[in-house]
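In what follows, a single structure is set out as C-alpha cells and then discussed.
The values are calculated or read from the model by the stated rules, or taken from the named source; none is laboratory data. Everything quoted here is computed from the prediction, not taken from an experiment. Cβ: placed from backbone, ideal geometry, glycine included. Neighbour counts: every protein chain shown. When the accessible area is computed, the model is the full protein with side chains, heavy atoms only, and any ligands, DNA or RNA have been set aside. Shrake-Rupley method; radii C 1.70, N 1.55, O 1.52, S 1.80 Å.
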Amino acid sequence: MLRWYQRKLASRPLITQAVTTAVLFAVGDVTAQQVVEKKGIEKHEFARTGRMFLYGGAVFGPAATTWYGILQRSIVLRNKKAEMLARVAADQLLFAPTFIGVFLSSMAVMEGGSPQEKLNKSYWPALQTNYLIWPFVQMANFTLVPLEHRVLVVNIVSIGWNCYLSMVNSAK
C-alpha cells in the first residue's frame, strides 16, 4: 500500500494529496459524529461529512501541498534548527490563521450561514487550540519527514484535529 501511495505521489502529487486529504477530513468528521458525539448511523449528518470531504480535497489538500513546497524552497538556512523554527513560525503565523478562517468561512457558506457569525463565534478558540498542538507537530514534521510525506503526516494528525474542527464548526 505504501509503495502504491509513493508511486502516486511521484506521478501525480497534487491529486494524490488532495484525495488523501479529502478522505481523512471525512474520517475526522465521522470520528467526531460517531465516537465523540455518539450520534449513531441514523442521526449521522452525511452532508456535514460531505462538506468536510469537499473542503479537504478541493481546498486544504492542494493548499497545504503548495504551501509546504513554498516553505521548502523559500526558507533555506545553514542552521537546520533555525530553518525548522523559521518554517514553523511561517506556518503558524501565516498559514494556520488564514486557513482556520478559510475553513470556518467555507463551512458557513456551504451550510447556508453567515461566515462573519461563524468567524466571530469560533475563530479565536480554534486558533488558540491550534497553537497548543500544531507548532509541536510541525517541528517534528519539518525536521523528520521528507517533503512529499508532510501533508500525509498532517492529515493523519488531522483526524483528531478535524474531529475537533468539525465539532467547533457544528456547535450551535
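Inspect all residues belonging to the stretch 139-152 and state whether any of them is in contact with a Ser or Thr (Cβ under 6 Å, 6 or more places away or on another chain), surrounded by 15 or more Cβ atoms within 10 Å (Cβ to Cβ), at pLDDT below 95 and under 19 Å from residue 27 (Cβ atoms).
Taking the stretch 139-152 and keeping what is in contact with a Ser or Thr (Cβ under 6 Å, 6 or more places away or on another chain), we get 151.
Checking the rest, the ones that are also surrounded by 15 or more Cβ atoms within 10 Å (Cβ to Cβ) come to 151.
Checking which are at pLDDT below 95 leaves us with 151.
From the residues that got through so far, the ones that are under 19 Å from residue 27 (Cβ atoms) too are 151.
Looking through the stretch 139-152, at least one residue is in contact with a Ser or Thr (Cβ under 6 Å, 6 or more places away or on another chain), surrounded by 15 or more Cβ atoms within 10 Å (Cβ to Cβ), at pLDDT below 95 and under 19 Å from residue 27 (Cβ atoms).
Can you tell me which residue in the stretch 94-113 is surrounded by the most Cβ atoms within 10 Å (Cβ to Cβ), limited to those that are in contact (Cβ under 8 Å) with a residue 12 or more places away in the chain and more than 14 Å from the chain's Cα centre (by Cα)?
So in the stretch 94-113, the residues in contact (Cβ under 8 Å) with a residue 12 or more places away in the chain come out as 95-97, 99-107, 110-111.
Filter once more, keeping what is more than 14 Å from the chain's Cα centre (by Cα): 105, 110-111.
Values: 105: 17, 110: 15, 111: 15.
By that ranking, first place goes to 105.
Could you count how many residues in the stretch 3-39 are free of Cβ contacts under 8 Å to residues at least 12 places away in the same chain and not in a helix (DSSP H, G or I)?
Residues meeting the conditions: 3.
Each row is one residue, and each column tells you yes or no for (1) open to solvent by less than 60 Å² (accessible area, probe 1.4 Å); (2) under 14 Å from the mean Cα position of the chain (by Cα); (3) at negative phi.
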position: 35; (1), (2), (3): no, no, yes
position: 42; (1), (2), (3): no, no, yes
position: 58; (1), (2), (3): no, yes, yes
position: 68; (1), (2), (3): yes, yes, yes
position: 74; (1), (2), (3): no, no, yes
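Hey, any hits in the stretch 83-93 for a residue that's of a type in the set (Lys, Arg) and surrounded by fewer than 18 Cβ atoms within 10 Å (Cβ to Cβ)?
Step one: filter the stretch 83-93 for residues of a type in the set (Lys, Arg), giving 87.
Applying the additional criterion that residues be surrounded by fewer than 18 Cβ atoms within 10 Å (Cβ to Cβ) yields none.
Looking for residues that are of a type in the set (Lys, Arg) and surrounded by fewer than 18 Cβ atoms within 10 Å (Cβ to Cβ), one finds none in the stretch 83-93, hence no.
Would you check which residues across the stretch 114-131 are crowded, with 16+ Cβ neighbours inside 10 Å and among the polar types (S, T, N, Q) and list them?
Listed by number, the residues that qualify are 122, 130.
Here is a check on your reading of the model: is residue 29 closer than 28 Å to residue 119 by Cβ and touching a Cys at 6+ places or on another chain (Cβ under 9 Å)? If you could, list the steps in order and put the result at the bottom.
Values: closer than 28 Å to residue 119 by Cβ: yes; touching a Cys at 6+ places or on another chain (Cβ under 9 Å): yes.
Yes: the conditions hold for residue 29.
If you go through the stretch 164-171 one residue at a time, do you hit one that is open to solvent by less than 70 Å² (accessible area, probe 1.4 Å) and within 24 Å of residue 15 (Cα to Cα)?
Here is the first cut: in the stretch 164-171, the residues open to solvent by less than 70 Å² (accessible area, probe 1.4 Å) are 164-171.
Next, from what is left, pick out any that are within 24 Å of residue 15 (Cα to Cα): 165-166.
Yes; the residues of the stretch 164-171 include at least one that is open to solvent by less than 70 Å² (accessible area, probe 1.4 Å) and within 24 Å of residue 15 (Cα to Cα).
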